[in-house]
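So the structure is just underneath, and the comments pick up after that.
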Amino acid sequence: VDEKMNCAYAQQDYKAFLETDLEFHQGIARCSQNTVILSMMQTISSLMRHVSGSGMVNAQQLKESEEEHSRIYDCILKHDGKGAAEAMKYHLERAAGRYNYRSEKKAAVHRVWTATNDVRSVIGCEMT
């Protein structure tokens, strides 16, 4: 998987990178023998394909993700559980940020909707 990911990164092949990214995470989930994590990874795979298919990946994000995956993989090869856990936590936090920028507008709309509901509930009006 690491070799396929490096190749996809070198070719800037976003689709191949995403598929290898998902394979990487699913492989780690399988090795953990944690059925909850594996189930979650399988569930979000289609969402990730949709998100990345909608232009949420660019060259900088690809570079960052590849570097983060390499750190995780290196820690796993060294049997450094603590380092792998820290690298994975960092990667997931960064990934959330990378995919969050598109949802900022949605969040703003949601905040306005929520504020409107709050105001209407205070003055006794119901949202329809």
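The values are calculated or read from the model by the stated rules, or taken from the named source; none is laboratory data. Please read these numbers as outputs of a predicted model, since none were measured by experiment. A quick note on method: Cβ atoms are made from the backbone with ideal geometry, for glycine too, and the neighbour counts reach across all protein chains shown. For the accessible areas, the whole protein counts, side chains as well, though only heavy atoms, and no ligand, DNA or RNA atoms are used. Shrake-Rupley method; radii C 1.70, N 1.55, O 1.52, S 1.80 Å.
Within the range 27-37, restricting attention to residues that are open to solvent by 40 Å² or more (accessible area, probe 1.4 Å) and touching a helix residue (DSSP H, G or I) at 6+ places or on another chain (Cβ under 7 Å), the residue that is modelled with the highest pLDDT is Arg30.
If you check Ala95, Ala16, Ala59 for being loosely packed, with under 12 Cβ neighbours inside 10 Å and modelled with pLDDT under 90, only one passes: Ala59.
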